[in-house]
Amino acid sequence: MTTDIIVIGGGVIGSAIAYNLTKRGKRVVLLEKKYLVNGASGACDQGILLQSKAPGDHLRLGIYSMEMYKGLEKELSRELEFSQKGYLVLIENDMELKTMEDVVKQQNACGLPSQIISADEAMRLQPGLNRDAIVAAAYCPWDGEVNPYMTTFAYADRAAELGAVIRTGCPVTGLMIENGQVKGVKTPEEVIYGETVINAAGAWAPFIGQMAGLEIPIKPRRGQVYITEAVPQFVHKGVINARYIVAKHHPELLKNDTSKKAKLGVGISLTQSFKGNVLFGASREFVGYDTSNTLEGLKEVMANATHLVPGLKRLNIIRTMGGLRPYPPDSKPLIGYVKGLPGFFMAAGHEGDGISLAPATGKLVADLILDGRTDVPAAASFDVNRFDLMKNG
Ligand SMILES: Cc1cc2nc3c(=O)[nH]c(=O)nc-3n(C[C@H](O)[C@H](O)[C@H](O)COP(=O)(O)OP(=O)(O)OC[C@H]3O[C@@H](n4cnc5c(N)ncnc54)[C@H](O)[C@@H]3O)c2cc1C
């Protein structure tokens with residue numbers, strides 16, 4: 001079979017890319033080894049979080065992506081359970097307050113209307129918090145939520161309607177490389193040829209890279225998430241804690257913390273789905289490709305979440321998920337043609353931000369492949385060639 005573009009990976013990133021390229025007239029084949037949302041896109045929270053992005057280029061990309069989300073249900077003609085009701089970042093001590101004051105200043109400089117609010121104001125926006133556990137909060141009304149499953153399926157379905165071939169149960173087992181150029185992929189059934197092969201395999205992107213002798217600096221970072229029975233709405237704002245942002249932007253401030261909570265990277269990430277199920281988590285662990293939910297993870301996530309939101313104790317958990325964030329050393333996605341390997345394009349490494357960044361990534365990839373340039377902001381920051389992937393080449 002011959003096509004224009006082959007996308008490897010049926011997560012939110014591969015699906016968004018397949019849609020954007022098909023919309024612009026390319027013949028696209030998307031190959032997914034198991035089923036759509038088999039990876040992180042099917043085992044994650046639902047935040048389109050701007051407050052958690054690193055102030056600067058990462059945040060600018062996030063704001064751009066949020067703007068795209070606002071029109072996405074209409075564009076794809078599908079319900080995505082999108083909402084923009086804001087997120088609270090709970091601040092539990094003076095060190096976090098000082099750090100968050102600084103982070104908020106940097107966010108404001110990027111145009112994000114986040115602000116520090118009092119603990120009482122936070123309680124007014126989200127009743128049911130433990131007033132004694134927080135000293136203040138940061139709040140941003142631009143943060144939102146979307147259903148990651150519905151988003152991934154919507155992109156893939158719409159791409160298929162426009163002519164893309166979406167093949168599930170179809171692992172890529174090798175790359176076709178001729179005269180130093182990637183010409184296609186091998187699957188158990190057939191060889192598929194294309195002008196460009198896009199590696200959108202999330203945490204598994206390094207295995208695809210190895211097929212071409214590349215060393216891709218992405219590691220799986222597990223997150224354990226818990227889902228309760230459906231209950232009447234009581235989560236009015238998304239809730240995370242400042243510890244997560246401190247860990248992301250100023251890890252040095254937590255280096256002396258030897259608690260289990262710190263070891264597992266536990267934070268609260270609380271949302272409620274349109275159907276009423278409450279999602280909360282999550283851990284941040286380097287344990288290879290193990291997607292288990294562990295007793296230790298359950299205990300620590302639960303202790304932290306019920307301390308901050310005591311009402312969670314009354315809910316029954318009906319489902320657990322363990323997902324693998326594709327984590328690169330600088331937490332920014334790797335996007336673009338790989339220098340020295342024509343025909344091979346990277347689009348992976350979105351870490352804990354892939355749902356938020358999918359619309360911008362889909363457009364960015366299509367622009368770079370079809371036009372060689374883009375109006376997506378700060379694109380150069382995400383260029384894959386900031387790393388030397390050809391170490392083994
Ligand atoms: C606990 C947790 C909470 C999160 N919360 C949020 C959040 O609130 N907001 C946010 O923006 N992001 C969040 N994320 C991050 C987000 O889930 C990821 O960044 C995003 O899903 C990555 O999408 P992806 O398409 O790159 O990877 P994936 O969804 O992992 O997709 C990669 C796909 O490639 C396929 N594949 C692998 N190898 C092959 C092969 N050889 N051939 C064919 N197919 C292959 C896999 O089966 C998989 O389906 C969270 C992640 C976790 C784990």
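Readers should treat all values here as calculations from the given coordinates under stated rules, not as data from a laboratory. Owing to the predicted nature of the structure, the values given are computational and were not obtained by experimental measurement. A quick note on method: Cβ atoms are made from the backbone with ideal geometry, for glycine too, and the neighbour counts reach across all protein chains shown.
For the stretch 207-217, what does the Karplus curve 6.51 cos²θ - 1.76 cosθ + 1.60, with θ = phi - 60°, yield as ³J(HN,Hα) per residue in whole Hz, taken in order and with x for Gly and Pro?
Along the stretch 207-217, the couplings run 5, 5, x, 4, 5, 10, x, 8, 10, 9, x Hz.
So if each residue of separation counts as 0.36 nm, and I subtract the Cα-Cα distance between Asp102 and Ser292, what length gain in nm does that give? It would help to have the intermediate numbers written out before the result.
On the way: separation 190, 0.36 × 190 = 68.40 nm, distance 3.64 nm.
Contour length minus Cα-Cα distance gives 64.8 nm.
Could you please rank Glu285, Glu92, Glu32, placing first whichever residue has the fewest other Cβ atoms within 10 Å of its Cβ?
On the way: Glu285 22, Glu92 18, Glu32 26.
Exposure proxy ranking, most exposed first: Glu92, Glu285, Glu32.
Give the peptides 347-360, 112-125 in descending order of average Cβ contacts within 10 Å, highest first. Please report the intermediate quantities before stating the final value.
Numbers: 347-360: 27.1, 112-125: 16.4.
Top to bottom by mean Cβ count within 10 Å: 347-360, 112-125.
Where does the chain land at 222 nm, in deg cm²/dmol rounded to the nearest 500, when only DSSP H runs of n ≥ 4 count, each adding -39500 (n - 2.57), divided by all residues?
Values: 11 runs with 118 residues, N = 393.
Computed ellipticity for the chain at 222 nm equals -9000 deg cm²/dmol.
If we count other beta carbons within 10 Å of each Cβ, what is the order of Ser83, Ser65, fewest first?
Numbers: Ser83 15, Ser65 26.
Ordered by Cβ neighbours within 10 Å, fewest first: Ser83, Ser65.
If you rank Val7, Val28 by fewest surrounding Cβ atoms within 10 Å, what's the result? Could the numbers behind the result be given before it?
Numbers: Val7 34, Val28 27.
Final ranking by Cβ density, sparse to dense: Val28, Val7.
Considering only the chain, what is the antiparallel percent among its DSSP beta bridges, to the nearest 5?
On the way: 43 of 64 bridges.
Among the beta bridges of the chain, antiparallel pairing accounts for roughly 65 percent.
Kindly provide log₁₀ I(q)/I(0) values, in the same order as q = 0.09, 0.11 Å⁻¹, from the Debye equation applied to equal alpha-carbon scatterers of the chain.
-0.50, -0.75
Once Rh for the stretch 228-375 is found with the Kirkwood sum over Cα pairs, what is the Stokes-Einstein diffusion coefficient at 20 °C and 1.002 mPa s, in µm²/s?
Values: Rh = 17.8 Å.
Diffusion coefficient, whole number: 121 µm²/s.
Calculate the dipole size of the chain relative to its Cα centre from +1 charges on Lys and Arg beta carbons and -1 charges on Asp and Glu beta carbons; express the result in debye to the nearest 20. The partial results should precede the final answer.
Values: 43 positive and 41 negative charges, 76 e Å.
The dipole of the chain has a size of about 360 debye.
Which of rounded, prolate or oblate describes the stretch 72-158 when judged by the alpha-carbon gyration tensor and an a/c cut-off of 1.5?
Values: a/c = 3.14, a/b = 2.03, b/c = 1.54.
Verdict is prolate for the stretch 72-158.
If you put +1 on each Lys and Arg Cβ and -1 on each Asp and Glu Cβ, how big is the dipole of the stretch 1-119 around its Cα centre, in Debye rounded to 20? Before the final figure, lay out the partial values.
Values: 14 positive and 14 negative charges, 138 e Å.
Using Cβ point charges on Lys, Arg, Asp and Glu, the stretch 1-119 gives about 660 debye.
Of Val37, Ala133, Ile177, which is farthest along the charge dipole of the chain in the positive direction, counting Lys and Arg as +1 and Asp and Glu as -1 at C-beta?
Val37
Give me the distance between the Cα centres of the stretch 282-353 and the stretch 253-269, rounded to whole Å.
15 Å
Mind checking the full-extension length gain between Arg386 and Glu229? Use 0.36 nm per residue of separation minus the Cα-Cα distance, one decimal, nm. The partial results should precede the final answer.
On the way: separation 157, 0.36 × 157 = 56.52 nm, distance 4.44 nm.
Length gained, Arg386 through Glu229: 52.1 nm.
Name the long-range amide H neighbours of Gly184: under 5 Å, sequence gap of 5 or more, or other chain; modelled H, no Pro or chain starts.
Met176, Gly194
Can you order the peptides 332-343, 237-248, 12-23 by their average number of other Cβ atoms within 10 Å per residue, highest first?
Values: 332-343: 20.8, 237-248: 22.7, 12-23: 29.3.
Ranking, from highest mean packing down: 12-23, 237-248, 332-343.
Taking the Cα centroid of the stretch 200-241 and of the stretch 136-165, what is the distance between the two, rounded to the nearest whole Å?
Each part's Cα centre sits 15 Å from the other's.
Restricting attention to the alpha-carbon atoms of the stretch 52-115, what are Rg (one decimal) and Dmax (integer), both in Å?
Spelled out, the Cα radius of gyration and Dmax of the stretch 52-115 are 14.6, 46 Å.
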